[in-house]
Every structure is written in C-alpha cells, then in structure tokens.
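This report concerns only the one structure given below.
No lab work stands behind these numbers, since they all come straight from the coordinates. For clarity, every value in this text was computed on a predicted model and none was experimentally measured. Positions of Cβ are generated from backbone atoms using ideal geometry, with glycine treated the same way; all protein chains shown enter the neighbour counts.
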Amino acid sequence: MQATLEWTGNGKAFEATPPSGFKIVFDTDPDFGGTGAGPMPLETMVCAIAACTALDVLSILEKKRQKVTAYRVEVDWDRDPPGDWPRPIKAIRIRHVVEGENIEEAALARAIELSDQKYCSATATLRFGPTIANEWQII
C-alpha cells in the first residue's frame, strides 16, 4: 500500500492521498509556519485511533443487537512539554460514550475489549512498533 504527500506551496501545509483516494490536508501550528489549513499530523493520528476503535465497537454492538442512538469517542493524551523533542505521546486514554436503548454494560465492555485486543489495526500498530525506514531522491 502507498500514500503520497505533496506540499501545497502554502506555508507548511501538505495534502495526503491515501490508497482510498480521500485527500487529507495537514498543517502545523502558526508558531512553526502553519496557516491553519488542516489538522496537525499527531492530532490526526490520535483521531485515527479513535475512529478505528469506534468503527469496531459500533459494528460489534450492532451484531450483539444493541440499539445505539449516539456514540462519541473522547481521546486524551500526554506528551512532553514543547522544547523536549521529538515529544512522542506517552499515554493515550480512550473514553467511549454510548447512548441507546437498554445498552448492556457487558456488551459494551466486550466490544471495546475486542477492538482493543483483536480488531483495531491503528492501536495494534502502535503496540507492535513497526520499523520505519527513510529513503530519498533529489530531482
């Protein structure tokens, strides 16, 4: 699989094209030359984790015949303060807020557990710590 990332020519904004073809614009904080054209990459990564688990949990709850009427995932994370680079995320807390008709707590807990331990590729990627290699080409 391959995604591409192209500089837009506008400050520090980049446009990503993942294999699905749905484009995502990334930017950075104005203090670092950003223009507010899109979310920062780390924010997007955390949101991707939330989306991955939410899609799993909702699907599992539907299979368990749980009637969900509203669902929100809140994600908090901790990082070192600015200036201590590279500032990786040190802790992530995911809170599932589910509303519905007679939602069974055990069903929700099991759906979250299955997403966390078996189905969510975004979370698994962080846990497994993939190797990352860089290459370059000058044209």
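Miscellaneous remarks
- Relative to the dominant Cα principal axis of the chain, helix 41-63 is inclined by about 20°.
- Here the gap between Arg95 and Glu15, fully extended at 0.36 nm per residue and compared with their Cα-Cα distance, gives a gain of 25.8 nm.
- Nonlocal amide H pairs with Val25, under 5 Å, H built at 1.01 Å: Ala16
- Listed values for segment 12-23 are Karplus-derived 3J(HN,Hα) couplings in whole Hz (6.51 cos²θ - 1.76 cosθ + 1.60, θ = phi - 60°), namely 10, 6, 10, 10, 9, 10, x, x, 5, x, 7, 7, and x replaces Gly and Pro.
- Nearest-ten-degree value, helix 105-114 long axis tilted from longest Cα axis of the chain: 40 degrees
- Between Lys63 and Trp85, the contour length at 0.36 nm per residue exceeds the Cα-Cα span by 3.5 nm.
- Glu6/Ala107 FRET efficiency (R0 30 Å; Cβ-Cβ; nearest 0.05): 0.10
- Read-out Rg and Dmax of the Cα atoms in Å, derived from the coordinates shown; its label in (i) 17.8, 57; (ii) 15.1, 52; (iii) 18.1, 61: (iii)
- Mean residue ellipticity, 222 nm, helices only, the chain: the sum of -39500 (n - 2.57) across DSSP H runs of n ≥ 4, divided by residue count and rounded to 500, is -9500 deg cm²/dmol.
- The modelled label-to-label distance for the pair Ala37/Phe22, using points 7 Å beyond Cα in the direction of Cβ, is 2.1 nm.
- Over the chain, Cα pairs under 8 Å with separation of 6+ residues give a relative contact order of 16 percent.
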